[in-house]
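Here is the structure we will look at.
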Amino acid sequence: MESSDVSYASEKLMQLKSEYHVEVIADWGMGSDGHWHRGTWSKEELDRLHRAIGLLASIMKGANHFVENLGGVRVVKEDIGPHGGQAQAHLVKFNSRTAFSAWTVVHEFAHAWDANFGWNLSVALEKYTGGYTRPWLSWFKKLIGLSDSKFFKHENKPGKRGRKPGCNAAGYFYGDKPSGSNWRFNRLEDFAESVAMYIGWARSNDLSNWAEARIKRYVLEDGAGDKNFGTDYWKYYSKFFYPDRGDYTKTKRWKFVEELVKGRIKIP
Ligand SMILES: [Zn+2]
């Protein structure tokens with residue numbers, strides 16, 4: 001943050017607090033040495049955060065429901081290693097090493113929402129989409145060579161990243177068609193990605209291009225390179241991920257989020 005933006009930033013922080021009960025912990029300011037400390041936040045990131053929270057609040061039909069669902073969230077930037085973000089109930093962390101995207105904001109706040117409901121929203125998603133988490137079955141699938149990964153880990157090469165149902169560290173057999181999967185996929189990640197896909201899909205907001213790109217990659221040929229997602233056997237994987245006629249609103253995940261925000265899902 002530049003010192004010239006300090007009043008703009010303070011205003012934004014107050015807005016986030018009053019509208020959404022989101023408290024950004026500022027890492028910028030005047031130091032005791034009399035020098036300005038820029039910290040790791042940029043003005044653009046504050047705007048991006050505010051807009052992305054607005055998108056999440058809008059599917060919940062307003063800021064008051066966002067506050068009810070999330071129950072207040074502190075936001076900090078920290079060096080959290082290889083990940084873009086991390087979340088638990090009432091706390092979201094972004095990596096101080098990089099700038100975050102609008103997608104990451106929605107993804108992490110979706111985790112915080114799930115966490116505030118005892119991680120039961122993702123349990124409901126798993127059930128609704130016909131998935132299940134069975135590590136033993138997953139080991140068995142890997143053992144008999146049905147997995148697109150190695151036994152204990154994935155490999156960073158096409159067709160070996162552990163994208164098939166159950167072929168991940170969690171033994172998560174996703175049901176229906178998520179927009180993607182990898183070795184770290186589990187119902188928690190599934191929920192967060194499903195919320196982001198729902199917000200972005202077929203609209204024109206900060207998440208829309210990415211949502212479209214996540215589906216479009218499956219029309220590529222096997223072994224083709226995608227500028228965002230690298231090289232993989234896209235056509236082969238399309239049977240797991242490409243929705244009916246490429247329309248993501250036809251998926252159970254889209255319908256789940258739609259029903260959830262309309263209050264029609266029973267939370268276990
Ligand atoms: Zn996540």
Practice task
Give the Rg (one decimal place) followed by the Dmax (whole number) of region 5-158, computed from C-alpha coordinates and expressed in Å.
Solution key: 19.5, 65
Fill in the blank from the handout: DSSP beta bridges in region 1-100: the antiparallel percent, rounded to 5, is 45 percent
Handout entry: region 1-107, accessible surface, carbon-and-sulfur percent (1.4 angstrom probe)
Key = 50 percent
Exercise for the section: Output ³J(HN,Hα) for region 122-129: one whole-Hz value per residue in order, computed from phi by the Karplus curve 6.51 cos²θ - 1.76 cosθ + 1.60 with θ = phi - 60°, and x for Gly and Pro. Expected result: 6, 5, 5, 5, 4, 5, 4, 8
Handout entry: Volume in Å³ per residue [convex hull over Cα atoms, computed for region 137-224]
Key = 104 Å³
Fill in the blank from the handout: Any residue on another chain or 5+ positions along whose placed amide H is under 5 Å from the amide H of Gly223 is listed here as Asp232, Tyr233, Trp234, Lys235
Fill in the blank from the handout: To the nearest 0.05, the calculated FRET efficiency linking Lys43 and Ala202 through their beta-carbon distance, R0 being 30 Å, is 0.50
Handout entry: chymotrypsin sites (Phe, Trp or Tyr not before Pro) restricted to region 94-166 and DSSP loop, no more than 10 other C-beta within 10 Å
Key = Phe151, Phe152
Fill in the blank from the handout: Hull volume per residue for region 27-79, using the convex hull of the C-alpha atoms, in Å³ is 106 Å³
Problem - Normalised contact order of the chain, rounded percent, pairs of Cα under 8 Å and 6 or more residues apart - result: 14 percent
Problem - Principal axis box of the chain, alpha-carbon based, largest edge first, Å - result: 64, 40, 34
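Ordering Glu259, Glu108, Glu44 from largest to smallest accessible area (1.4 angstrom probe), what's the sequence?
Glu44, Glu259, Glu108
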Practice task
Give the percent of DSSP beta bridges with both residues in region 66-184 that are antiparallel, rounded to the nearest 5.
Solution key: 55 percent
Problem - Per-residue [θ]222 nm for the chain (sum of -39500 (n - 2.57) over DSSP H runs n ≥ 4, rounded to 500) - result: -13000 deg cm²/dmol
Practice task
For region 126-268, report the accessible area per residue in Å² (1.4 Å probe, heavy atoms, rounded to an integer).
Solution key: 51 Å²
Exercise for the section: Quote the Stokes-Einstein diffusion coefficient, in whole µm² s⁻¹, for region 186-255, based on the Kirkwood radius over alpha carbon pairs, a temperature of 25 °C and a viscosity of 0.890 mPa s. Expected result: 195 µm²/s
Problem - Exposed trypsin sites (Lys or Arg not before Pro) absent - longest run of the chain, DSSP non-H/G/I/E/B, at most 14 other C-beta within 10 Å - result: 98-149
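The values are calculated or read from the model by the stated rules, or taken from the named source; none is laboratory data. All of these numbers come straight from a predicted model, not from anything done at the bench. Methodologically, a virtual Cβ is constructed for each residue, glycine included, from the backbone with ideal geometry; neighbour enumeration extends over all protein chains shown. What goes into the accessible areas is simple: the full protein's heavy atoms, side chains included, and nothing from ligands, DNA or RNA. Shrake-Rupley method; radii C 1.70, N 1.55, O 1.52, S 1.80 Å.
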